[in-house]
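Engineer: Shown below is the structure under consideration.
The values are calculated or read from the model by the stated rules, or taken from the named source; none is laboratory data. Note that the structure is predicted; figures quoted are calculated from it, not measured. Cβ: placed from backbone, ideal geometry, glycine included. Neighbour counts: every protein chain shown. The accessibility values were calculated without ligands, DNA or RNA, using every heavy atom of the protein model including side chains. Shrake-Rupley method; radii C 1.70, N 1.55, O 1.52, S 1.80 Å.
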Amino acid sequence: MANDALTVDDIPVDGSNPPGGLISVWTLNRPEKLNALNKDSHTAIKEQCSRAESDPNVRCIVIRGAPPPPAEEGKRQKPAAFAAGADISEFSGKNSDDVRPFFEDNAWEAVWSLSKPTIAMVDGFALGGGTELALSCDIRIASERSKFGQPEINLGLIPGGGGTQRLCRLIGYGKAMEMVLTGDMIDAEEALKIGLANKVVSPEDLEDSTMAIASSIACKSPYTIKVAKRAVRASLELPFSEGVLTERSEFVALFDTEDKEIGVQAFLDRKEAEWVGN
Ligand code: COA
């Protein structure tokens, strides 16, 4: 079950086939701490990953941060955040033995390991573990006021949630090195330019834009979507020539599925495909 650090909403998808498709929206729910990821956040995300993986109705997952609460009397308004990193207060006084078990079983890898598509909906700060959580997702949609960064260097640390590896593969060696070594933040426009964000929209349009992409994915054959994700993911793990062979074998195997026949026939009949999911 989700704890207070994460709110979960399963949104029905109009027109999904097989019927009953859901977009599972996970909201990091510590806005007073800019949704910094503490132990509870990790536990809840890992639990939701297991649930989403085993629930055939969950077709796509969206991860977002809760918006900031209204300013308390006499205090300034807290900024919007996807997640401003790992919860730094949990680092104080800890040695390597203390933190190793936690980092060996973390939410970043749980999200990355999902076979279903994931979208990070980023509004505001995505720093450190926040950028890493967005990187663990397949797609990142950001609002214009978002800022990304890997500021761990300023704490005498480096990214520990896969940031050095996933960032490098996504935006390339030079830009990843610059972000990790300087700890400087980049804005949404820069994130879009270097491929860290797939799309940048106004804060008002962020939810609709993200849900439109999630719905588009959720209306495809859930079986074929998993194969597609696995094939693209193989490009990160395999040498090029092996990756091409892997793709070919996945592609050919799809000719034994019902959904390939359904999709092809629907095109020929100029109808919407009604997927069965195998
Ligand atoms: N861990 C724990 N608490 C955090 C946090 C984090 N990563 N990031 C922000 N917070 C908390 C602050 O301590 C503050 O709590 P308080 O109001 O109880 O004092 C609250 O969130 C608001 O943050 P604040 O720093 O006051 O907001 P700001 O607008 O002045 O600055 C940031 C925003 C994002 C620039 C700043 O919070 C920041 O640099 N955060 C840490 C980023 C980081 O280094 N992340 C990597 C961690 S490995």
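Engineer: List the lysines whose alpha-carbon lies under 17 Å from that of LYS94, not counting same-chain residues fewer than 8 positions away?
Structural biologist: The reachable lysines, counting only those whose Cα sits under 17 Å from LYS94, are LYS39.
Engineer: With the other protein chains left in place, how much accessible area per residue, in square angstrom, belongs to the stretch 181-266 at a 1.4 angstrom probe? Working shown, then result.
Structural biologist: Working: 5140 Å² over 86 residues.
With all protein chains present, the stretch 181-266 gives 60 Å² per residue.
Engineer: Additional query: Helix 173-182: angle to the longest alpha-carbon principal axis of the chain, degrees 0 to 90, nearest 10?
Structural biologist: 30
Engineer: Taking the 0 to 90 degree range and rounding to the nearest ten, how far is the long axis of helix 258-268 tilted relative to the main principal axis of the chain, both from C-alpha atoms?
Structural biologist: Orientation of helix 258-268: about 70 degrees from the principal axis.
Engineer: Beta carbons within 10 angstrom, averaged per residue: use that to sort the peptides 119-132, 233-246, 35-48, 11-24, highest first. Show your work: numbers first, answer last.
Structural biologist: On the way: 119-132: 28.2, 233-246: 12.6, 35-48: 21.1, 11-24: 17.1.
In decreasing order of mean packing, 119-132, 233-246, 35-48, 11-24 become 119-132, 35-48, 11-24, 233-246.
Engineer: Can you classify the chain as rounded, prolate or oblate using the Cα gyration tensor, where a ≥ b ≥ c are the square roots of its eigenvalues, rounded means a/c under 1.5, and otherwise it's prolate if a/b beats b/c and oblate if not? Working shown, then result.
Structural biologist: Details: a/c = 1.84, a/b = 1.52, b/c = 1.21.
In terms of gyration-tensor shape, prolate.
Engineer: Excluding same-chain residues fewer than 8 positions from LYS193, which lysines have a Cα within less than 26 Å of its Cα?
Structural biologist: Result set, ordered by chain and number: LYS147, LYS175, LYS229.
Engineer: Any chance you could tell me what percent of the C-alpha pair distances in the stretch 88-154 go past 18 Å? Intermediate results must be reported in sequence, preceding the final value.
Structural biologist: Working: 1045 of 2211 pairs.
Percent of Cα pairs beyond 18 Å in the stretch 88-154: 47.
Engineer: Please work out, to two decimal places, the log10 of the ratio I(q)/I(0) at q = 0.15, 0.16 Å⁻¹ from a Debye calculation in which every Cα of the stretch 224-278 carries one identical scatterer.
Structural biologist: -0.50, -0.55
Engineer: For the chain, give me the percentage of DSSP beta bridges that are antiparallel, rounded to the nearest 5 percent.
Structural biologist: Numbers: 9 of 33 bridges.
Percent antiparallel among DSSP bridges in the chain is about 25.
Engineer: Let me ask something additional. Among 209-217, 69-77, what's the highest-first ranking by average C-beta atoms within 10 angstrom per residue? Please list the in-between numbers first.
Structural biologist: On the way: 209-217: 19.1, 69-77: 8.0.
Peptide ranking by packing, descending: 209-217, 69-77.
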